[in-house]
Amino acid sequence: MQEISVAAKSVKEIYRKPMCLLCAGYKQEEIAALLGISELTLLMRIHKGHKLFMKALKRNRLYADANDTSSQRYE
């Protein structure tokens, strides 16, 4: 579990904060208002944050694509 936290913290705050608020149950409209950004900007930040988070998980071997045929998946 600590590895997941480290992966999340590796994502820049500008992308991590919207994802955290979304996971906390806030609606997109509320998050955009809290952050003072448009909903379109919010969606782009969530998308980018998700990509960065998944990349960090892959880097730490905590996630592998279905296309990954490596025998060292999920060590």
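The values are calculated or read from the model by the stated rules, or taken from the named source; none is laboratory data. Predicted model only: the values in this text are computed from it and were never measured. All Cβ positions, glycine included, derive from the backbone under ideal geometry; neighbour counts span all protein chains shown.
Any idea which of (1) modelled with pLDDT under 95; (2) surrounded by 12 or more Cβ atoms within 10 Å (Cβ to Cβ); (3) among the hydroxyl-bearing types (Ser, Thr, Tyr) is the one residue 15 doesn't satisfy? Going through the list (1) modelled with pLDDT under 95; (2) surrounded by 12 or more Cβ atoms within 10 Å (Cβ to Cβ); (3) among the hydroxyl-bearing types (Ser, Thr, Tyr), residue 15 breaks only (1). Only residues that are surrounded by 12 or more Cβ atoms within 10 Å (Cβ to Cβ) and among the small types (Gly, Ala, Ser) were counted in segment 18-47, giving 2.
Per-residue answers, yes or no, for (1) within 28 Å of residue 3 (Cβ to Cβ); (2) assigned to a helix (DSSP H, G or I); (3) aliphatic (A, V, I, L, M); (4) in contact with a strand residue (DSSP E or B) (Cβ under 9 Å, 6 or more places away or on another chain):
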| position | (1), (2), (3), (4) |
| --- | --- |
| 15 | yes, yes, no, no |
| 20 | yes, yes, no, no |
| 26 | yes, no, no, no |
| 33 | no, yes, yes, no |
| 37 | no, no, yes, no |
| 42 | yes, yes, yes, no |
| 45 | yes, yes, no, no |
| 51 | yes, yes, no, no |
| 54 | yes, yes, yes, no |
